[in-house]
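A quick write-up on the structure given underneath.
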């Protein structure tokens, strides 16, 4: 009986280690999207909201998002923004703000860092925090920056949205109790084995 329990405990420990290592791979590197945007103002100098995105596509990748990663995202891949309206100053999370190739982005905070120039020749920089997840990676806390500028009359401003990791190691989001569930199942299994052997 003791031998059987020892084997079971060893198998459980190995399973737990493998489960933890499989989930403990955070996302790193960066991914950028570029596309035309509409603001709630004719100049970015007075803008407070993005009202729509126009065909944003992937413009650069590195780390997890680039080859030789098995989930590399190709340049020019279309990016889906699930909400067209975005308040540039907000601490209200936006779930699934964008997605591309099974990576998803949850916006946690957003604030205008800089608005400069004058109407017709202004620029804007917005930054904040987020959680990026998908493709089996651990949901990871990351940073992002959005930049845009006024353009000639008749053209849409071009916006570039860049998500990036900073520092090492990356901060992983808690797993929501999956490890505790595994532990509970294993302990219940050990109890059943013990009862069966005792009988």
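Laboratory data are not the source of any read-out in this text; all were calculated from the coordinates shown. Keep in mind that what you see is a predicted model, and the values were worked out from it rather than measured. Neighbour counts run over all protein chains shown; Cβ positions are idealised from the backbone, glycine included.
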**Fill in**
So the FRET efficiency between residue 158 and residue 135, C-beta based with R0 = 30 Å and rounded to 0.05, is 0.60
**Message:** For the pair residue 90/residue 127, report the inter-label distance in nm, with labels modelled 7 Å from Cα in the Cβ direction.
**Reply:** 2.1 nm
**Item:** In nm, spacing of pseudo-spin labels at residue 51 and residue 116 (7 Å Cα→C-beta vector)
**Value:** 2.8 nm
**Prompt:** Roughly what would the spin-label model give for residue 25 and residue 74, points 7 Å off Cα along C-beta, in nm?
**Reply:** 2.2 nm
**Asked** Which shape class, rounded, prolate or oblate, goes with segment 27-168 when its Cα gyration tensor gives a ≥ b ≥ c as root eigenvalues, a/c under 1.5 marks rounded, and past that a/b bigger than b/c marks prolate?
**Response** prolate
**Fill in**
Cα-Cα pairs in segment 118-166 separated by more than 15 Å, as a whole percent of all pairs, come to 57 percent
**Complete:** Per segment 73-156, sqrt(5λ) over the Cα gyration tensor eigenvalues, sorted largest first, in Å, gives 27, 16, 11
**Item:** Spatial separation of Cα centroids for segment 104-128 and segment 41-81, in angstrom
**Value:** 15 Å
